[in-house]
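Peer 1: Just dropping this structure here.
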Amino acid sequence: MLNLNVFVLGCLMLTYSCNGSMEEIVGELQRELQQLKMKTAHYDIEMQALRISSANEIQTLKTSIASCENELQTHKIASADEIQALSNSAISSANEIEALKTASTKEIMSLKAQISSLKTERLNAAESSQALNRRFVLGTNSFAEKPAFSVSLDNHATGLGNHQTIIFDNIFANDLGGYSDMTGVFTAPLNGTYFFTASVMSQSGKHLESEICLNGASLVYMYSFDTYYEQGTNSVILVLKTGDRVWVRHTNTPGSTAYGGHWSTFSGFML
Ligand SMILES: *[C@@H]1O[C@H](CO)[C@@H](O)[C@H](O)[C@H]1NC(C)=O
């Protein structure tokens, strides 16, 4: 800029040295100088404006960088927190898995113990059922001794009236004591299904009719002719409840004899 001005000044001086007086040249030069000063001042102002603008821009950039740094810092913190949270969650999961493992192991142990105990129980039950002649009773859903009896007539039962009970006086077996040799009646000690059979022999020359009855109601009949000793036999299966009564009784023709000496029998048992 200055070089250009000097150049212009030189040109002017050359021009005036050829064409004008010295005063004119000086006047011209002074105006020129004045213009140059104004231009310089103008440039200074522009420079100043540029400086300010640059400073502002730098400030803006700095602020922006600071904001970026802050954001970065925030992200760092957030990431660190997230990592911490994930790590905590992983630890908690591991703990949970460990707890589940422990619980499962305990449960398995407990189940094994239960199985073992059940095996022992079953074995014991089987053994004791054998030892006590017990069987599984459907009605009670447990092992229990089942009612069973087998009786016979030792002494003849003579002069029997209609519906008179034949009391079998000899007892072979009477599990659970359902049969009474005082009354001749079997009383069911348990609910269940029972099988009964009776065989009654007549004395020669006296025909004999008898029956198995339940709570006083006739069920099945036995008949023996009178020409010779003869056994009338019958059986019945009954669903009984505790307290039901079953017995053998003579019917019709008063004065009949049921033959003793174990020729006449009555048996029953729960199925
Ligand atoms: C026996 O049977 C009767 C009638 O069905 C019932 O009420 C009773 O509960 C039974 N008893 C047992 C011990 O099962």
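Since every read-out is calculated from the coordinates, none of them should be taken as a lab result. Just so it is clear, the model here is predicted, and its values are computed rather than measured. All Cβ positions, glycine included, derive from the backbone under ideal geometry; neighbour counts span all protein chains shown.
Peer 1: For a protection proxy built on the mean count of beta-carbon atoms within 10 angstrom, sort 115-123, 224-232 highest first, please.
Peer 2: Highest-to-lowest ranking by the protection proxy: 224-232, 115-123.
Peer 1: When the chain is fully extended, how far beyond the present Cα-Cα distance does residue 46 get from residue 101, taking 0.36 nm per residue of separation?
Peer 2: 11.8 nm
Peer 1: Simple spin-label model, 7 Å along Cα-to-Cβ: residue 156 to residue 219 in nm?
Peer 2: 2.9
Peer 1: Separate question: Would you calculate the separation in nanometres between label points at residue 108 and residue 262, each defined as 7 Å from the Cα along the Cα-to-beta-carbon direction?
Peer 2: For the pair residue 108/residue 262, the computed spacing is 6.3 nm.
Peer 1: Additional query: Name the most mobile residue of 153, 36, 100, meaning the one with the largest mean-square fluctuation, in a Gaussian network model of the chain with Cα contacts below 10 Å.
Peer 2: Of 153, 36, 100, the most mobile in the Gaussian network model is 36.
Peer 1: Give me the one-decimal nm value for the distance between modelled label points at residue 182 and residue 55, 7 Å along each residue's Cα-to-Cβ direction.
Peer 2: 13.2
Peer 1: Something else: Taking R0 as 45 Å, what's the FRET efficiency between residue 195 and residue 115 from their Cβ-Cβ distance, rounded to 0.05?
Peer 2: After rounding, the FRET efficiency stands at 0.75.
Peer 1: So what's Rg/Rh here for region 144-270, counting alpha carbon atoms and using the Kirkwood radius for Rh?
Peer 2: For region 144-270, the value is 0.96.
Peer 1: From the residues 115, 25, 78, which one has its Cα farthest along the dipole of the chain in the positive direction, the dipole being from +1 and -1 charges on Cβ of Lys/Arg and Asp/Glu about the Cα centre?
Peer 2: Going by the charge dipole, the pick is 115.
Peer 1: For region 184-263, what is the charge dipole size about the Cα centre, in debye to the nearest 20, if Lys and Arg each add +1 at the Cβ and Asp and Glu each add -1 at the Cβ?
Peer 2: Approximately 220 debye in magnitude.
Peer 1: For the chain, what is the convex hull volume of its Cα atoms per residue in Å³?
Peer 2: Considering the Cα atoms of the chain, their hull volume per residue is 261 Å³.
Peer 1: Okay, next question. Just to be sure I understand: with springs between alpha-carbon atoms less than 10 Å apart, which residue in 94, 113, 41 has the highest mean-square fluctuation in the Gaussian network model of the chain?
Peer 2: 41
Peer 1: Now for a separate question. About the Cα centre of the chain, how large is the charge dipole given +1 on each Lys and Arg Cβ and -1 on each Asp and Glu Cβ? Please answer in debye to the nearest 20.
Peer 2: The dipole of the chain has a size of about 860 debye.
Peer 1: Would you mind ranking 68, 213 so that the residue whose beta carbon has the fewest other beta carbons within 10 Å leads the list?
Peer 2: The order, fewest Cβ neighbours first, is 68, 213.
Peer 1: On to the next question. Along the charge dipole of the chain, which of 236, 224, 255 sits closest to the positive end, that is, farthest toward it, with unit charges on the beta carbon of Lys, Arg, Asp and Glu (+1, +1, -1, -1)?
Peer 2: Of the options given, the answer is 255.
Peer 1: Enumerate the residues in region 233-271 having an amide nitrogen under 17 Å from the point lying 7 Å beyond the Cα of residue 165 toward its Cβ.
Peer 2: 243-251, 258, 265-268
Peer 1: A follow-up question, please. Picking from 52, 195, 213, whose Cα lies most toward the positive end of the charge dipole for the chain (charges on Cβ: Lys, Arg +1; Asp, Glu -1)?
Peer 2: Of the candidates, 213 comes out farthest on the positive side.
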